[in-house]
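What follows is one structure encoded as structure tokens, with my remarks underneath.
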Amino acid sequence: MIRFLFKGILRDKNRSVLPIIVVTLGVILTVFLSTWIKGIFTDMIDINANFSTGHVKVATAAYFESTNAANDLALLDVDELVTNLKTDFPTVDWNKRINFGGLLDVADENGETRAQGPAAGQAVDLFSPDSKEAERMNIINSIVKGQLPSHAGEALISDDFAERFNVAVGEEVTLFGSTMYGSMMFYNFVVSGTVRFGNQLLDRGAIIVDITDAQIALDMENAAGEIFGFLQEGYDTEIAEEVKVAFNAKYYNEKDEFSPKMEQLNDQNGLSEYLVLIDSMSGIMSFIFIFAMSIVLWNTGLLGGLRRYTEFGIRLALGEEKKHIYRSLIYEAILIGLIGSIIGSAIGLGLGYWVQNHGLQLGASIQGGSMMMPTVFRTMVTPEAFYIGFIPGLLAMVIGNALSGVAIYKRQTAQLFKELEV
Amino acid sequence: MKNKKYIPSLFIVLMLVVQAFAQPTAKAILDKVDKNMSADNMISESSMTVHGKRNSRTMTSKTYKVGDKQSFTEYLSPAREQGTKMLKLEDKLWIYAPSTDRTIQISGHMLRQSVMGSDMSYEDMMDDRKLTDIYDAVVIAEEMIDERNTYKVEMIANVVDVTYYKRVVWVDSERFVPLKEELFAKSGQLLKQTTLKEVKKIDGRWFPTSMVYKDMMKQGKGTEFNIISVKFNQDIPKYIFTKAALKQ
């Protein structure tokens, strides 16, 4: 039976080519979009975790509530707090971070302003031998010129800034801003290298320094804006929540806005909505695909039914049962759906793998905004991608034909000779 | 009998005329304020107390000022600020920090940043145009502030490049010094509020020696300024207002 139907599909191309093309295109689109969305959101979460939120983050309640993460609301006695965190949660990697802003000023030969631009700084632990911060923030791979700071007083600056203002490696730049207590802050750094992260938000006047330098410059001895915690096994909402609840029960005092408080990744920057979106996106896409494709294939089936009107009439006149004809139509749809879904999945996965490995540079189209978004987009092929297009492709074809095939039951045997003009 | 019905109307007109002559115009009020507050030159020593969320800091500084266009400030204390100098010439501002031996020009969006963590921005320091040149002023009421009668003068900007679209200032009707000022955005949002106290007669002019400057967008108690000493019409050497003086 299957062999017979398969031969029919191959020999009568008018019956199969259009539906196979429609299913194939739909499946390619579904598979590729699924890997695309998964890739973008995963990258986005990683970037936000590494640069902005950690898997969990400790800061003062006032710091979390402030819109500009001001350092006058920073954590005090952080060395003791980090020691306690390492004891309480030994499997989590704890790291002090300081964010700071200001003006990066380049001097001329007289020590006066030659060029200047706004700077958004990050201070991380670059000097400790066991620190994973440089690797986590992908700093080493992002260095365009020079090297990672290896001595106090050295800094990495944005390559865009260095290019724009003609700043060479080894040159001195002055950071001008405010200390933790609001005093004027002037601090000279020697540029050890330049970096480009491929992210608009990070590349816009970035300066990266060791945490100890920032503590001196910003008058933040034994203080830090925030402490990031990274789970050993990667981000897991439930584990992060357990750590958060345990920490807050022990250290957080609701009545003291300067007491340390912990939030996990999806509590911050509206990321929880995005995480829910990722989870539901595949389901939404499958539903839209099945719905849209069913309508398209129903329409295709109706057209096929019209074209095969005479064929079905003769088959009925020859005594073939309606349900047999309907069943053969469904089997045929399953075969066409299988062919389209296999071809579509193969092409979609191929495209997905290619973009996963090579990436697509779309930086120019996402200028601005405060959410950290990657400028090089990569897909992510997950096991889900192998069936996310396949099943809807098959279902849409079968549903489409099942709907259009209902017309077979409306045919009246008594009318057949008249209809067939015999 | 026929003329009697005009008597009340004439009386009202007469009252209005008397009132108009009794109350000076907004321009006349602001000119008198300028005479008290502005000087050809001035040397002052002042303290600024910034109330942070966690602590308060007091800085002292000495300022040399010639007209509205030139000023030079040297911070005297605390130790971290000592030796930091600011030079303002026309619409340009430079800051010198001895710790880095660098002179940095402040421009662009940095002018909106707070000065030493206070409620005052560099932009507030920079706007030195005469109020009567950039605002249309009217006296809208007379009110009592701290048991002193004041003229309430409302000023609406008549130029585009102005930091505050509307200002309302309460001017002491006897001494002609401002006792309170409110600065508004075009949307009507109150941005800054200043209250001035401790009005003293110095060198023949009334001068407020204590001021609280409050950025209404910030939490906290505002920034307090206190004049420790002030001298008008002094001989200030011209080299003070040069970039070379910053490094000395």
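Placing unit charges on the Cβ atoms only, positive for Lys and Arg and negative for Asp and Glu, gives region A:171-300 a dipole magnitude near 400 debye about its Cα centre. With viscosity 1.567 mPa s and temperature 4 °C, the Kirkwood radius over alpha carbon pairs of region A:56-233 converts through Stokes-Einstein to a diffusion coefficient of 78 µm²/s.
Taking every Cα-Cα distance in chain A and sorting them into 20 Å bins from zero, the calculated P(r) comes out as 22, 38, 22, 14, 4, 0 percent.
About its Cα centre, the dipole of chain B is roughly 220 debye, where the only charges are +1 on Lys and Arg Cβ and -1 on Asp and Glu Cβ.
Go through region B:151-248 and name the GluC sites (Glu not before Pro) that are in a DSSP coil and have 16 or fewer other Cβ atoms within 10 Å of their Cβ.
Those that pass, being in a loop and sparsely packed, are B:Glu174.
Look at the dipole of the protein assembly as shown built from charges on Cβ: of A:Met137, B:Asn149, B:Gly83, the Cα furthest out on the positive end belongs to B:Asn149. Reducing region B:173-212 and region A:65-131 to their Cα centroids gives an inter-centroid distance of 40 Å. The long axis of helix B:7-22 is offset from the longest Cα principal axis of chain B by roughly 20 degrees. For A:Asp219, neighbours were defined as the other residues whose beta-carbon sits under 14 Å from its Cβ, and their charges (Lys and Arg +1, Asp and Glu -1) total -1. Here is the size of chain B from its Cα atoms: Rg then Dmax, 21.2, 89 Å. Proximity of backbone amide H atoms, modeled 1.01 Å from N, is registered between A:Val144 and A:Thr194, A:Val195, A:Arg196 at under 5 Å, excluding neighbours fewer than 5 places apart on the same chain.
To test your reading of the geometry: what angle, between 0 and 90 degrees and rounded to tens, separates the Cα axis of helix B:26-37 from the longest principal axis of chain B? Its long axis makes an angle of about 30 degrees. Helix by helix through chain A, keep the DSSP H runs that span 27 Å or more along the axis on Cα and average at least -1.0 on Kyte-Doolittle, and give those back in order. Both cut-offs are met by A:13-48, A:271-307, A:322-358. Can you compute the charge dipole magnitude of region B:51-153 about its Cα centre, using +1 on each Lys and Arg Cβ and -1 on each Asp and Glu Cβ, nothing else charged? Give it in debye, rounded to the nearest 20. Roughly 620 debye, rounded to the nearest 20.
Under the combined filter of DSSP loop state and at most 16 neighbouring Cβ atoms within 10 Å, region A:187-228 retains none of its chymotrypsin sites (Phe, Trp or Tyr not before Pro). Residues in region B:60-68 carry Karplus couplings, in order, of 10, 8, 10, 10, 10, 9, 10, x, 9 Hz; the curve used is 6.51 cos²θ - 1.76 cosθ + 1.60 with θ = phi - 60°, and Gly or Pro positions show x.
Of B:Asp91, B:Asp119, B:Asp172, the residue with the greatest mean-square motion in the GNM of chain B, using alpha carbon springs below 10 Å, is B:Asp91. Report the residue, chosen from B:Gly204, B:Gly52, B:Gly83, that carries the largest GNM mean-square fluctuation when chain B is represented by alpha-carbon nodes joined by springs under 10 Å. It is B:Gly204. Between A:Ala223 and A:Val78, the built amide H atoms are under 5 Å apart, and every one of these is 5 or more places off in sequence or on another chain.
Each reported figure results from applying straightforward, stated rules to the coordinates on display, with no laboratory input. Since this is a predicted model, take the numbers as computed values, not measurements. A quick note on method: Cβ atoms are made from the backbone with ideal geometry, for glycine too, and the neighbour counts reach across all protein chains shown.
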